[in-house]
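One structure is given here, and the rest of the page talks about it.
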Amino acid sequence: MAMSPYLAAVRAKLGPDLLMMPSVCGCVFDDEGRLLMAEHGDVGLWAAPGGAVDPDERPEDAVRRELREELDIDVRVRGVIGVYGGPEFRTRYPNGHECAYMIAMYGCELVSGTPTPDGDEIRDARWVREDELAGLRLTPWSPLALPDAYAWWRAHAAG
């Protein structure tokens, strides 16, 4: 689902103008400390998977829903890595819509499923070591936040 009915209704009123968007990101790690990264179809850039929080939805529930919708996996949320925002978190989409994201980033573990891109929002997915990030076309915010994700995993890997 590219846009929730709620967001579509807001956009019908607001048009393409800037919209503040509460969102979540699920940093799923495998046993080797590789992070699950997703290539987002609308912009062709790589980031950890996630998306907008729906009205009345708990952020942890949004993480689980987004990863199920986008990659057909179930995850257990293990903790908050951090909360991020700022000019690097502003995006203008090909359709002209502009969003400024505030992202709550969660550390997660895979419970079931094999990451399978939905073919709509997510074009590709792969497990990535920290030293491999430079080889991907990343979203502007990823280099700011993902080092915290890898540090979180190193601190919590045994648990």
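The values are calculated or read from the model by the stated rules, or taken from the named source; none is laboratory data. For clarity, every value in this text was computed on a predicted model and none was experimentally measured. Heads up, the Cβs are rebuilt from the backbone with ideal geometry, glycines too, and the neighbour counts pull from every protein chain shown.
Results, tabulated for the structure shown:
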quantity: Within the stretch 73-102, tally of residues that are more than 17 Å from ALA47 (Cα to Cα) and assigned to a loop (DSSP other than H, G, I, E, B); calculated: 4
quantity: Criterion violated by MET102 - all others in (1) farther than 14 Å from SER23 by Cβ; (2) surrounded by fewer than 17 Cβ atoms within 10 Å (Cβ to Cβ); (3) within 14 Å of the chain's Cα centre (by Cα) satisfied; calculated: (1)
quantity: The stretch 125-141, residues that are of a type in the set (D, E, K, R), loosely packed, with under 14 Cβ neighbours inside 10 Å and over 14 Å from ALA38 (Cα atoms); calculated: ASP131
quantity: Yes/no for VAL111 being surrounded by fewer than 18 Cβ atoms within 10 Å (Cβ to Cβ), at pLDDT 95 or above and closer than 23 Å to ALA149 by Cα; calculated: yes
quantity: Single match in LEU14, LEU71, LEU35, LEU45 (criterion: more than 17 Å from TRP141 (Cβ to Cβ) and either crowded, with 19+ Cβ neighbours inside 10 Å or touching a Lys or Arg at 6+ places or on another chain (Cβ under 6 Å) (or both)); calculated: LEU71
quantity: Single unsatisfied condition, GLY85 versus (1) of a type in the set (Gly, Ala, Ser); (2) over 20 Å from LEU14 (Cβ atoms); (3) modelled with pLDDT of 95 or more; calculated: (2)
quantity: Positions within the stretch 123-154 being modelled with pLDDT of 95 or more, aliphatic (A, V, I, L, M) and over 17 Å from TYR101 (Cβ atoms), in sequence order; calculated: ALA125, VAL128, LEU133, LEU136, ALA151
quantity: Cβ pairs under 8 Å, 6+ apart, first in the stretch 64-89 and among the acidic types (Asp, Glu), second part of a helix (DSSP H, G or I) and surrounded by fewer than 18 Cβ atoms within 10 Å (Cβ to Cβ); calculated: ASP74/ARG68; GLU88/LEU144
